[in-house]
Structures are given as structure tokens and as C-alpha cells.
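The values are calculated or read from the model by the stated rules, or taken from the named source; none is laboratory data. Note that the structure is a prediction, hence the values are computed from the model and not measured. Positions of Cβ are backbone-derived with ideal geometry, glycine not excepted, and every protein chain shown enters the neighbour counts.
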Amino acid sequence: MTKQPDTSRRDFLGLVSTAAVAAGTATTVEAQDAPLTIIDFHNHYAGPSWTLTTLAAVPARVRPTWEKINANLQSPTALLGSIEAAGISARVINIPTAFIQDADGAVPAGAEARINDQVAELVDKHAGKIYGLATVNAFSGDEGAREVTRAVKELKLRGVFVESAKRDLLLGDQETRPTLAAAADLGVPVFVHPVSDPQLYRRFAGSGPLGTRLARATINSAALLSLIEGGVFDENPKLQVVVTTLAFGGVLLAGGFGDGARIRSDAPALARRHVYIDTMGLNPAAIRTAVDLLGADHVVTGTDWPIVEERSVPERLRKAFAHAGLNATEQQLIAGGNVLRLLGLSS
């Protein structure tokens, strides 16, 4: 029997090519004149009340760098000052439990609820400058779902921050589905963040800092593919997830290798409906490819502050957008429009 062509994949890639040509030929004169409203989606914070454990495994050569990062993580003044220094309008913050966990990955009892109370308080004090995501242990079953509901309904936080993996579990496993379902039902986005997997860290550590990033990228990509392959988006048609630029491998696999066997043939369409990716690194080639695969309405500005401190963000973004051939509407969507829509602040 002759195998029929995969029309969903073919049609998707055809639309990608058409969009790329259109974007490449669109004029950007009007975009260069219009100011960008930039909302940075990817930012970390901890606050002064926590004892950070991030220095425990840091090599001596980079310890001064991480001491500075820690100081910024615990300073509301640094957080607010960074908004003006970067030339942006606002930051969306999260507090990863990885910053406070012990050597075995354990965190103090009730840490997530306490974190979310603190984020909500900071957001209330700086409305319009700071937006908050709820930190949730997605691997805790119904407990995670209950904290999502409390954080969104009672604290008015506008999204959820989860880790890609925990020990032998990967996001998308059954333990994580109550949290994902709760976020989908409440209509809030889920930020899927990388973690340092011990096995991958050991395997890639010989390649230095880039090897460490590759290990984290692999976990972030694996979590995305788990969501697609495991049917999580089928169960939760309203679920919206945001991955980091490190998950680009997963986005590429979903967008270009759907064959109905190991990767679902409808993976490109699923990614296009449910997945957003940030601009960490502000690389024009990565931004162009993300737009081609997911659409300009599914790419968000994100820098990873204060792990990465980007300066002159409007100028750098504008140059990257121009190099990527994006028109004025696409530029405004990526700069801040998509984040505001995800957070329920615009239609």
C-alpha cells in the first residue's frame, strides 16, 4: 500500500514558507518609528527573606559572578532598577525553588505557598511594573493543582512557573497532570523552566558552561515533547505553555519531524496552538525561526534576568527584529503584546 503524504505537516510547512517570504518582504519603516512596549517574561527573583543555596555547587572561578546574581535576586531595589536600566516597561517574575533547595533537592515545608504570598505582595506594591507567576510543585499531584487554584483565584497571580523535571519524573507524567489541568481550566499560562539534571550535567560538564546549558536545554526540550507525545494538550485544549530558547531543539523536532510514529504527525499543529517560546539571547536567527515555526503571536520577549543582564533591550530587539524581517505588528506582539494577552491583560 502506498503511504499517503502527511498533509497536516506538509500544509503547515507550506504556511511557514509563505509566512517567511511575506515577513521578509514586509516594510519595517513604520516599525522603526513606533516605540516598543517591552514586557520581559523570563525573570527570576527571590527576595531578602530566603537563604539561597545556589553557591553550594558553584566552581570557584564563577563564584563572584553568582555572588552578584544572588545579591540581585534578593534585592527589590535591583529588580525595579533593572527595568529602567534595560529600557523596558515591566518584568514578569518567578521564584524557582532551585534557589533554596538543599543538596537532595528538598525545600522547606510550605515553601511554594510562602513564595506565592510574597510575589503577590510585591506585585501589589508595583502594579504595572511587576507581574507575577505562581511557583508550583507540578510533581505533587492534587496538591499542586490546589496551589495553582489558590494562587490564581485568591492571590490574583497571572500564570504558573513549573520545573521541567524532578528526579525521575518529567513534566507530562501522570503526577503533573492535575497542575496542568488546573492552569488550563483557569486560563493561565504555564512557564516550563529548565532544571539541572544530574546525569546530563555529569555527561556534558566537560564542555564547560555551554555543556551545562546543553544539559538544561535537553531537559526543557524533553518536557515539551512529553507534553506533545503524552496527549496532555489533547486532554487540555486550553493549555498554554511557555518554554525557554533552550528548548529550541524540542520546538524544531515538533515542527519538522512529525511522521506519525515516534513523533505525532500533528505535532506541528499542536505546537502552533499550545506552545510559546522566549527570546533569551535576543538572537535574530532564533527569533526568525521561532516565528516561522510557531507564529509571531507565540513568541515572547524573555531575557533570564538577573542570570543574564541585558542592556539597551529596545535597541537590541529592534535590530534583531529588523534583521529577522518582522513587520510592525509582529514586532509589537513579540515585544509585549503576546505577554499581555497570555496574562489576561489584553484581548
Checklist entry - For ALA320, are the conditions met, namely being under 20 Å from the mean Cα position of the chain (by Cα) and under 17 Å from ALA34 (Cα atoms)? => result yes
Item to check | the stretch 50-72 residues that are surrounded by 12 or more Cβ atoms within 10 Å (Cβ to Cβ), paired with ones that are modelled with pLDDT of 95 or more and small (Gly, Ala, Ser) (beta carbon under 6 Å, 6 or more apart) | outcome: ASN72/ALA78
Checklist entry - If you go through the stretch 262-320 one residue at a time, how many are outside any helix (DSSP H, G or I) and either surrounded by fewer than 19 Cβ atoms within 10 Å (Cβ to Cβ) or not basic (Lys, Arg) (or both)? => result 28
Checklist entry - (1) modelled with pLDDT of 95 or more; (2) crowded, with 19+ Cβ neighbours inside 10 Å; (3) of a type in the set (A, V, I, L, M); (4) part of a helix (DSSP H, G or I): which one isn't true of ALA254, the others all being true? => result (1)
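When you check THR212 against the structure, is it assigned to a helix (DSSP H, G or I), closer than 18 Å to THR244 by Cβ, within 15 Å of the chain's Cα centre (by Cα) and not acidic (Asp, Glu), yes or no?
So THR212 fails the test.
I'd like the full set of residues that are of a type in the set (Asp, Glu) and either touching an Asp or Glu at 6+ places or on another chain (Cβ under 7 Å) or closer than 27 Å to ALA267 by Cα (or both), limited to the stretch 293-342.
Listed by number, the residues that qualify are ASP297, GLU330.
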Item to check | Only listed residue being hydrophobic (A, V, I, L, M, F, W, C) and modelled with pLDDT under 95, chosen from ALA98, ALA113, ALA90, ALA86 | outcome: ALA98
Checklist entry - So, of the residues in the stretch 183-202 that are without any contact (Cβ under 8 Å) to a residue 60 or more places away in the chain and more than 16 Å from HIS274 (Cα to Cα), which turns out to be nearest to the chain's Cα centre (by Cα)? => result PRO194
Checklist entry - Looking only at residues in the stretch 141-188 that are among the basic types (Lys, Arg) and modelled with pLDDT under 95, which one is nearest to ASN43 (Cα to Cα)? => result LYS166
Checklist entry - Is there a residue being hydrophobic (A, V, I, L, M, F, W, C) and assigned to a helix (DSSP H, G or I) anywhere in the stretch 153-168? => result no
Next on the checklist: I need the full set of residues from the stretch 105-121 which are assigned to a helix (DSSP H, G or I) and among the β-branched types (Val, Ile, Thr), in order please.
Outcome noted: ILE115, VAL119
Next on the checklist: Restricting to the stretch 231-251, name every residue that is buried (at least 22 other Cβ atoms within 10 Å of the Cβ) and either free of Cβ contacts under 8 Å to residues at least 40 places away in the same chain or charged (D, E, K, R) (or both).
Outcome noted: GLY250
Next on the checklist: I'd like to verify a number: residues in the stretch 23-50 that are modelled with pLDDT of 95 or more and among the β-branched types (Val, Ile, Thr), how many?
Outcome noted: 3
Item to check | Condition broken by PHE191, with the remaining ones in (1) touching a helix residue (DSSP H, G or I) at 6+ places or on another chain (Cβ under 9 Å); (2) at pLDDT 95 or above; (3) not charged (D, E, K, R) satisfied | outcome: (1)
Checklist outcome for this item: When restricted to LEU155, LEU180, LEU133, LEU171, the only residue surrounded by 17 or more Cβ atoms within 10 Å (Cβ to Cβ) and more than 20 Å from the chain's Cα centre (by Cα) is LEU155
